[in-house]
Structures are given as C-alpha cells and as structure tokens.
Amino acid sequence: MISRRVIGNICFHNRFFSSGIFARESSPSSSQPQEIVSQVGDRPSVPKNAIKSSKFSNAYETLSFRDWELERMRVVPTSSAFYGGNPVHDDNMYKLNAMIKKYKDLPTRVIDIKESNLLKFITLAEYKTLANSGARVKVGHHKALVGALSRLRSIQPELMPTEVSNMLKQYSSASGDTSKELQKKVKTLDEFGRANTVGKRKTSVADISMVKGDGQVIVNGRSFIDYFPRETDRLKIAFPFKVVSQEGQYNIFVKAHGGGVSGQAEATMYGIAKALVIFNPLLKSRLRSAGLMTRDSRIVERKKPGKVKARKSPTWVKR
C-alpha cells in the first residue's frame, strides 16, 4: 500500500520519497495526513463587523485601523475628468452635449454660407491656447467641438436661450465689427403689447401695428373694406391668419403709401406675417412654407428706347 504525505495542498507519495525529510523517523512530530489537511482548512474567523465598519479596508481590518482625519483632509479634484487624458476638452464637450440635450426640442434652421463665413469658431491653435493642453488637443477634438457648436448655432434666433448665445460668443473668433453685423436684433412686443413691422411689395410700403383684439383692420384711418373694394385684395390680407388658423384674434392698424391698391394689399400681407412671428416664433416655419416670409421681389420692367414697351417692338411695315 502506497502511503502519502500532504503539505498544504500538495500530496507527496512515499513511493518516490522513501527517505529524507519525508520519512517517518526523520520527522517524529509529523501528523497524519488527515490532521494536516484539517489544519490547513482551518482559517481565522473574519469579524462580523469588519466589512461593514470599513469602507476601504479588507476583511481583516477593523475600525481601529481607520484614519478618519486623513480621509477628511484628502484633496478632491474639481473636474470629474481630472484623471483623463484631456480633462479640459472633456469638460467642454460635456457642457456642450448637456446643452444640446437640454434644448434638442427647439426648432432649428439651415445656416447660409454668408453667415457661416462671417461667424467662424476658434481655430485649432486658438483652442489649444484656450484649453491650455498643448499637444493633447488633436484635430479630432477640434472637429467635435465645432460640430457641437454648429448644432447649437442652428437654433432659431428668436428662440435661442441666453446661455446658448453666451456659449457661442465664448468660442467665436469673429472680429468686433463682424460680430455686430451678425447679431440680428430680435424684434419683440413694445410696451403696449404691439408688434410693429414693415411690409413691402413693388413700390408700396405698409407700416403695420398689430395687437391682440377682435379682428378689426384699419388702413390709413379707414376700414379695410372701404379701402380695398376688391375681394381679392381683402383675401390677401386675411391669408396669413388663415395659414395659422388665427382669424379674428388681432386688431391691425396699417399706414400704406406708394404704388397701387394691389401692391399695398400685398405689402400689408407680408407685414402681417412678420407680426405673427413676433407674437409666436414657432409659426415661422409654417408661414415660410406658405411663401409669406420672403416677399415677391418682382417689379415692372422698364421701357427701352426703340421699343413700344419693355420688350415689344413696333409693328414692321413693308412700305
């Protein structure tokens, strides 16, 4: 029968170690295998309050090893991205993405080429200086920053929050004169609750003052029914209200001059559409789809010399 000795988790057979330290006579104090195994299996008991009472220690530490004063005086970084590769850029992107998520439901617009060329964001070199990170700022970081800023800039100017405007100014590299050109003044109601706009068509100009009311329209001190006897002209004035389904909810005061009656009616129509946007900027997209936010710029073509009219030639006579 082959006997064996167990030390720890290793089993040694006396067949291969018949002499030496594993021999019974050389180790008189050796115990039987089952006794050694039982001793190895016995582990010191873990205190019940060791894990509960110690937050950062292992299972064998107790409250006596805690240094509360050191934990209270430890330095905590102000930025959550302090231990990252580029903490300043990470903080900037976190703020921009949080702002985009906050105002994601606001209506947006398409930025035209002229505005995008005039108002440019900071370059890569300027961003490296601003971030004070040197070579840590890569081209990809700058592209991500510009993409987030472009998304914020696409919000409708009438609905753009103040914090978004301040954020765009912070990362804008445009000069002072150019910035003034791009800062379009958003029209609001005056102290009397009126929306004052100007509409133009051909050579006609209509100054509009619109206020909440019961649907009265006064043109040059007269009722618009008397001033515009043709029904087609009156329908043009009512068309903006029909588009937004707000007939009979405003009182309109018009001062029209220049051109004819038809031109003044269309000028009044465009002015009313602008006034509706002042009352509710969300109506702008609907009015634009109806063609009321861009006036018809067509005018009569002038007569040329040698022509009967603008392009008509005189009748050719053989003799």
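Computed from the coordinates by the stated procedures, all read-outs in this text should not be read as laboratory data. Note that the coordinates shown come from a computational prediction; the quantities given were computed from them, not determined experimentally.
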Q) Within the set LYS120/LYS202; LYS101/LYS128; LYS212/LYS236; LYS202/LYS274; LYS95/LYS212, which residue pairs have Cα atoms separated by over 29 Å? A) LYS120/LYS202; LYS95/LYS212
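Kirkwood hydrodynamic radius for segment 185-302: how many Å is it when counted over pairs of different Cα atoms? Could the numbers behind the result be given before it?
On the way: mean 1/r = 0.0706 Å⁻¹.
For segment 185-302, the Kirkwood estimate is 14.2 Å.
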Q) Working from the pairwise distances between different alpha carbons, so that the mean of 1/r is found and then inverted, what is segment 87-182's Kirkwood radius in Å? A) 14.0
